[in-house]
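To start, the structure under review is shown below, and the notes come after it.
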Amino acid sequence: MKRNASAHWEGGLKDGKGTVSTQSGVLDKQQYSFGTRFENGKGTNPEELIGAAHAGCYSMALSMILGEKDLTADSIDTKADVTLEEVDGGFAVTAVHLTLTASIPGADEKTFREAAEAAKKGCPISKLLNADITLDAMLKA
């Protein structure tokens with residue numbers, strides 16, 4: 001399975017602007033810029049999108065693991081706080097903190113904690129930074 005998203009950028013880093021779109025059309029030319037990434041401008045940014053992807057992936061992984069234990073959640077609410085910091089003269093995502101609140105009838109604390117940890121380790125987005133990153137690059141004249 002492959003999914004795709006795209007970005008378009010015009011201008012310099014601080015004065016430029018861009019848009020992001022997804023294959024599904026859920027995001028269609030959504031604005032992002034220096035201001036939305038490093039200040040409080042209106043629009044999105046890569047770290048926010050990674051946080052949304054991680055929270056969604058984690059919630060689905062937890063649901064799967066609970067199902068393997070014959071448990072079904074009434075609700076799973078996950079927030080992902082993504083930290084972007086200056087490191088060695090550049091910027092890097094240094095941490096993601098997941099905050100989970102779930103209602104799971106029949107689950108005891110031990111089962112819940114084990115499932116929550118397994119989902120953290122097993123979610124594909126949790127494994128993202130260990131991914132093989134490939135690149136096709138083309139310079140237009």
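Once mean projected area of the Cα convex hull in nm² is calculated for the structure shown, the corresponding label among [x] 22.4; [y] 9.6; [z] 11.4 turns out to be [z].
What is the dipole size for the chain, taken about its Cα centre, with +1 at each Lys and Arg Cβ and -1 at each Asp and Glu Cβ, in debye to the nearest 20?
400 debye
Taking the chain as the reference, fit the longest principal axis to its C-alpha atoms, fit the long axis of helix 46-68 to the helix C-alpha atoms, and give the angle between the two in degrees, 0 to 90, nearest 10. With rounding to tens, the tilt is 20 degrees. Partners of Lys121 within straight-line reach, counting aspartates and glutamates whose Cα lies under 18 Å from its Cα and excluding those fewer than 8 residues away in the same chain: Glu68, Asp77, Asp81, Asp132. Helix 109-122 and the long axis of the chain differ in direction by around 30°, with both axes built from C-alpha atoms.
If you sort the three axes of the alpha carbon gyration tensor as a ≥ b ≥ c, you get a/c of 1.5 or more for the stretch 62-140 and a/b above b/c, which makes it prolate. Only one residue of Ala119, Thr94, Phe34 has its Cα farthest out toward the positive end of the dipole of the chain, where Lys and Arg carry +1 and Asp and Glu -1 on Cβ, and that residue is Phe34.
May I ask you to give the percent of accessible area on the chain that is carbon plus sulfur, with a probe radius of 1.4 Å?
Numbers: 5460 of 10400 Å².
Accessible surface attributable to carbon and sulfur in the chain totals 52 percent.
Which pairs, out of Lys69/Lys110; Lys2/Lys120; Lys42/Lys127, put more than 19 Å between their alpha-carbon atoms? List each step's numbers first, then the result.
Details: Lys69/Lys110 12 Å; Lys2/Lys120 22 Å; Lys42/Lys127 30 Å.
Beyond 19 Å: Lys2/Lys120; Lys42/Lys127.
The mean sequence distance of close C-alpha pairs (under 8 Å, at least 6 residues apart), as a share of the length of the chain, puts its relative contact order at 16 percent.
Accessible area per residue for the chain is 74 Å², calculated with a 1.4 Å probe on protein heavy atoms, without ligands, DNA or RNA.
The values are calculated or read from the model by the stated rules, or taken from the named source; none is laboratory data. Since the structure is predicted, the reported quantities are computational estimates derived from the model, not experimental observations. Glycine also receives a Cβ, built like all others from the backbone with ideal geometry; neighbour counts cover every protein chain displayed. To get the accessible areas, we keep the full protein, side chains included, count just its heavy atoms, and leave off ligands, DNA and RNA. Shrake-Rupley method; radii C 1.70, N 1.55, O 1.52, S 1.80 Å.
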